[in-house]
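Written out below as structure tokens is the structure these notes cover.
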Amino acid sequence: MDVQIALFLTQDGVTNGAIYALLALTLVLAFTVTRVIFIPQGEFVAWGALTLAALQTGKLPGTVWLLLIGGVAVTLVEAVTCARNADWRRFPATLGWNLLYPGLVYAAARYLPWDTLPLVVQIVFALLMIVPLGPMVWRLAFQPLAEASVLTLLIVSVAVHLALVGIGLLFFGAEGSRTPPFSDGSITLGGFTINAQTLWVVGCSLALIAALYFFFERTFYGKALRATAVNRAGARLMGIPTSMAGRLSFLLCALIGAFSGILIAPITTIYYDTGFLIGLKGFVGAIIGGLGSYPIAAAGALLVGLLESFSSFWASAYKEVIVFTLIIPVLVWRSLTSRQVEEE
């Protein structure tokens, strides 16, 4: 291996590691706030890429149907809840967010010429279709079990993942898609060429991480999520509802997951089930951070990306094995150094 190859592999590893870092941060967020090990996170990655690809080819994205069906299901659940509590005050808002909003999105997706609109408009509309699916998944699958054990929530998470993979196959089909790069060209530094899309991936990932830091440090809702992550019972006593924290954390998971998929769509072909493997590598980074430390999780995810890249050069057939083997010494170290605490 010469220096040129090492630099190329490093570029590839940093690009992949940036995406894994974003997913690792969302997994840490979801677990600390809701105690859910959010295995379906990868599905939002695939849906983001496939939705943007459908818009660019002038097709109606399958995400529209997911949004409509999810909205109807949430409306029915909320109607039953309101009837049980004899409290219909919040039902008009439920109708607006879960029926009117998906209807407007469907009309826009159905009748506007998305294949001729600018890329940034396509990306924003793709996110508007996918992001509401995160709170819908929380409301339908996890909110009724918010007080259940971590093991129960993990079992539900696996079931939701399997269901979403099947739904993805139904609405997006088995064919993979790839989108054009955000911008063409490249830059050369010291005789080494860096692809423009790589700069987009790394730059957007750093911007998202900075935005998350600002959100958690400077905003009311970010501080509410931090308080819930530190002490859920104490947060409830201070008037922070668990349901709001869950919806907000899943909304962020959907937003970051979908945008991650949009970022990597020009680099690799995305299929309906591609997100699982990508999310699993983000999960390895989250495990390195103990599902509790954002900086260590991000650094661990970057390590996963570099390890994957160099493994593909030295032992391409075993690169996945090498990446996932990384989790074994981490688990052994954590089991020897962590104190056992009773679950809240």
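The values are calculated or read from the model by the stated rules, or taken from the named source; none is laboratory data. None of these values were measured; they are calculated from a predicted model. Quick reminder, even Gly has a Cβ in these numbers, built from the backbone with ideal geometry, and neighbours come from all protein chains shown. With ligands, DNA and RNA removed, areas are computed over all heavy atoms of the protein, side chains included. Shrake-Rupley method; radii C 1.70, N 1.55, O 1.52, S 1.80 Å.
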Electrostatic dipole magnitude of the stretch 135-267 [Cβ: Lys, Arg +1; Asp, Glu -1; Cα centre; debye, to 20]: 480 debye
Unit charges on C-beta of K, R, D, E only; dipole of the chain, Debye: 860 debye
Distance between the stretch 83-122 and the stretch 282-302 - C-alpha centres, whole angstrom: 35 Å
Gain in span if fully extended, Ala6 to Thr57, counting 0.36 nm per residue against the direct Cα distance: 14.7 nm
Where only alpha carbons of the stretch 217-319 are counted, the Rg and the Dmax (Å): 17.2, 54
Global size of the chain as Cα Rg and Dmax, reported in angstrom: 20.5, 71
Shape call, the stretch 138-287: gyration tensor on alpha carbons, a/c limit 1.5: oblate
Average silhouette area of the stretch 46-185, convex hull of alpha-carbon atoms, in square nanometres: 10.4 nm²
Share of carbon and sulfur in the accessible heavy-atom surface of the stretch 3-337 [1.4 Å probe, %]: 71 percent
Partner aspartates and glutamates for Lys281 [C-alpha distance under 12 Å; skip if fewer than 8 residues away on the same chain]: Glu308, Glu320
Packing-based ranking, highest mean first, of 153-160, 261-268 given that Cβ atoms within 10 Å are counted: 261-268, 153-160
Accessible area per residue, Å², the chain with all protein chains present, probe 1.4 Å: 48 Å²
Segment Asn231-Leu95, extension gain: residue separation times 0.36 nm, minus the distance between their alpha carbons: 45.7 nm
Additional length obtainable on full extension of the chain from Phe214 to Ala174, 0.36 nm per residue less Cα span: 10.5 nm
